[in-house]
Amino acid sequence: MKKISEKLFVNVVCNVVIALLIVSVFVISFSGDITSVFGYDYEKAIYRGDETKNNVSVMINVYWGTEYIDSMLETLKEHDVKATFFIGGSWAAKNEDVLVKIAEAGHEIGSHGYYHKDHAKLDFDGNYNEIYVTHKLIKQILGVDMDLFAPPSGSFSKTTLKVASQLKYRTIMWSKDTIDWRDKDTQLIVKRATSNVKNGELVLMHPTKNTADALGTILKFYIENGFKVVPVGENITNE
């Protein structure tokens, strides 16, 4: 597919400036009562899904590792399960075709911010810009409105949660971390993903060679032990 042009990116950024002005008026007018307006509790991030159901979710954060995504998609297809891919905006702008392939395979798409910044250190405008620009960019590519945001490195502040809520996003953390970005050990990744698994697990991973090698074993374990692998959005609902 045609790559996102510089002109499109400039248009998106211009829209952000306009949106920030609107949001500033909104915040002043409603005195921060965002929870009642949107129905989300911005004081809390989500660390686990519905514990009454035997669901688990594989959440794959993507800023790099493009060369391993095809292998992971094939493994997910072989086991007939859907994952949630949290996409970095800067990655999406350079890898539009791969993003489309992920979405066309039926996987859920969430936001991972634009430049992998430390959201805990960003002010209101900085948080807003990261989430909003990524939202607009991915909507231009896929035509979908994301509503899940995974802050890079799991770093966020109350301001991050407020901004995410204003943009109708739920902030997603994890209950299990494979730490695959650091430890390039397939068996260790499997162990971290499969030890003491409970209902509602949100299992964090990234597209790495060792994770791609481990994924089939992880999915097989979940399925053989009676767990259903579902996207994060399905896991965190009470319906």
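The values are calculated or read from the model by the stated rules, or taken from the named source; none is laboratory data. The structure presented is a predicted model; accordingly, all values stated were derived computationally and were not measured. Positions of Cβ are backbone-derived with ideal geometry, glycine not excepted, and every protein chain shown enters the neighbour counts.
Condition check for VAL37 on (1) modelled with pLDDT of 60 or more; (2) loosely packed, with under 15 Cβ neighbours inside 10 Å; (3) farther than 18 Å from ASN127 by Cα: one failure, at (1). Taking TYR115 as the residue in question, decide whether it is surrounded by fewer than 16 Cβ atoms within 10 Å (Cβ to Cβ), over 13 Å from the mean Cα position of the chain (by Cα), among the hydroxyl-bearing types (Ser, Thr, Tyr) and at pLDDT 95 or above. Yes; evaluated as a whole, the condition is true for this residue. Scanning the stretch 154-198 for residues that are in contact (Cβ under 8 Å) with a residue 60 or more places away in the chain, of a type outside the set (S, T, N, Q) and part of a helix (DSSP H, G or I) yields LYS158, LEU161, LYS162, ALA164.
Give me the residue from the stretch 220-234 that is of a type outside the set (D, E, K, R) and within 19 Å of the chain's Cα centre (by Cα) and, out of that set, surrounded by the fewest Cβ atoms within 10 Å (Cβ to Cβ). Show your work before the answer.
Here is the first cut: in the stretch 220-234, the residues of a type outside the set (D, E, K, R) are 221-223, 225-227, 229-233.
Cutting the leftovers down to within 19 Å of the chain's Cα centre (by Cα) gives us 229-233.
On the way: VAL229: 21, VAL230: 22, PRO231: 22, VAL232: 27, GLY233: 19.
Going through the qualifying residues, I end up with GLY233.
Look at THR217 and say whether it is part of a helix (DSSP H, G or I), touching a residue at least 12 places away in the same chain (Cβ under 8 Å) and out of contact with any strand residue (DSSP E or B) (no Cβ under 9 Å at 6 or more places or on another chain). Walk me through how you get there before you give the answer.
Details: part of a helix (DSSP H, G or I): yes; touching a residue at least 12 places away in the same chain (Cβ under 8 Å): yes; out of contact with any strand residue (DSSP E or B) (no Cβ under 9 Å at 6 or more places or on another chain): yes.
Taking the combined requirement at face value, the residue satisfies it.
Residues satisfying the criterion are absent from the stretch 80-87 (criterion: surrounded by 14 or more Cβ atoms within 10 Å (Cβ to Cβ) and farther than 21 Å from ILE236 by Cβ).
Consider ILE109 carefully, then state whether it is without any contact (Cβ under 8 Å) to a residue 40 or more places away in the chain, closer than 22 Å to TRP181 by Cα, in contact with a helix residue (DSSP H, G or I) (Cβ under 7 Å, 6 or more places away or on another chain) and not hydroxyl-bearing (Ser, Thr, Tyr). Walk me through it before giving the result.
Details: without any contact (Cβ under 8 Å) to a residue 40 or more places away in the chain: yes; closer than 22 Å to TRP181 by Cα: yes; in contact with a helix residue (DSSP H, G or I) (Cβ under 7 Å, 6 or more places away or on another chain): yes; not hydroxyl-bearing (Ser, Thr, Tyr): yes.
Spelling it out, ILE109 is indeed without any contact (Cβ under 8 Å) to a residue 40 or more places away in the chain, closer than 22 Å to TRP181 by Cα, in contact with a helix residue (DSSP H, G or I) (Cβ under 7 Å, 6 or more places away or on another chain) and not hydroxyl-bearing (Ser, Thr, Tyr).
In the set (1) assigned to a loop (DSSP other than H, G, I, E, B); (2) over 23 Å from ASN235 (Cβ atoms), ASP125 fails one condition alone, (1).
Only residues that are assigned to a strand (DSSP E or B) and either within 23 Å of ASN129 (Cβ to Cβ) or not aliphatic (A, V, I, L, M) (or both): list them for the stretch 47-58, please. ASN55, SER57, listed by residue number. Take the residues of the stretch 59-73 that are in contact with a Phe, Trp or Tyr (Cβ under 8 Å, 6 or more places away or on another chain) and outside any helix (DSSP H, G or I): which is farthest from TYR115 (Cα to Cα)? Only one residue fits best here, namely MET59. Are any residues in the stretch 174-207 among the β-branched types (Val, Ile, Thr), surrounded by fewer than 22 Cβ atoms within 10 Å (Cβ to Cβ) and within 17 Å of the chain's Cα centre (by Cα), and if so, which ones? ILE179 - this is the single residue of the stretch 174-207 that is among the β-branched types (Val, Ile, Thr), surrounded by fewer than 22 Cβ atoms within 10 Å (Cβ to Cβ) and within 17 Å of the chain's Cα centre (by Cα). Determine whether the stretch 22-29 contains at least one residue that is at pLDDT 95 or above and among the hydroxyl-bearing types (Ser, Thr, Tyr). So far as the stretch 22-29 goes, no, none of its residues is at pLDDT 95 or above and among the hydroxyl-bearing types (Ser, Thr, Tyr).
Across the stretch 78-85, a minimum of one residue is classified as touching a strand residue (DSSP E or B) at 6+ places or on another chain (Cβ under 7 Å) and either part of a strand (DSSP E or B) or hydroxyl-bearing (Ser, Thr, Tyr) (or both).
Determine, yes or no, whether LYS139 is more than 25 Å from TYR68 (Cα to Cα) and either modelled with pLDDT under 95 or under 15 Å from the mean Cα position of the chain (by Cα) (or both). No, not satisfied. The single condition among (1) crowded, with 20+ Cβ neighbours inside 10 Å; (2) touching a helix residue (DSSP H, G or I) at 6+ places or on another chain (Cβ under 9 Å); (3) under 21 Å from THR66 (Cα atoms) that ASP213 does not satisfy is (1). State yes or no: is LEU99 closer than 23 Å to VAL203 by Cα and assigned to a helix (DSSP H, G or I)? Criteria met by LEU99.
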